[in-house]
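First comes the structure, then the notes that go with it.
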Amino acid sequence: MAGHNDLGRQGETIAKTYLESHGYEILDENWCHGKAEVDLIGYKDGIIIFVEVKTRTGTGFGMPEDFVDMRKQRLLTEAADEYIYLMNHQGEVRFDIIAILFNKNVTYTLKHIEDAFWPSAE
């Protein structure tokens, strides 16, 4: 398996642990719809939270959160629409990003960006 896949899985595990320790219930992991995959789907205070986890080992190409571009946001929104429909969720929805940046010493920083983006009305 490619190293970047291992790093991504490690980041998702860290993000899941972080969210659970902050009172989130994890409803699904790696939920797919069409070409979109939602890394984590959480629930807290009546809100379903769709979480994109980005893990990197450096900032040479930008911060981890910079990689959630408009295309990715559109895919996540489409997947979220389907999930909301299937779950018959009538409450609020939020899109978060968890950015994890590892350094050379195998330690990391985690940045949780709530309401990272709003779905565009297309």
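Values in this text are rule-based calculations from the coordinates and carry no lab data. Note that the structure is predicted; figures quoted are calculated from it, not measured. FYI the Cβ positions are ideal-geometry reconstructions off the backbone, even for glycines, and counts take in every protein chain you see.
Among residues other than ILE113 with Cβ under 13 Å from its Cβ, the summed charge is -3 (Lys and Arg +1, Asp and Glu -1). The orientation-averaged shadow of the Cα convex hull for the stretch 47-122, equal to a quarter of the hull surface, comes to 5.7 nm². Annotation: lysines with alpha-carbon distance below 24 angstrom to LYS35 (same-chain offsets under eight excluded): LYS16, LYS54, LYS72. Computed packing ranks the peptides 37-43, 67-73 as 37-43, 67-73, most packed first, by mean other Cβ atoms within 10 Å. For the stretch 3-113, the relative contact order is 25 percent, taking Cα pairs closer than 8 Å that sit 6 or more residues apart in sequence and dividing their mean separation by the residue count.
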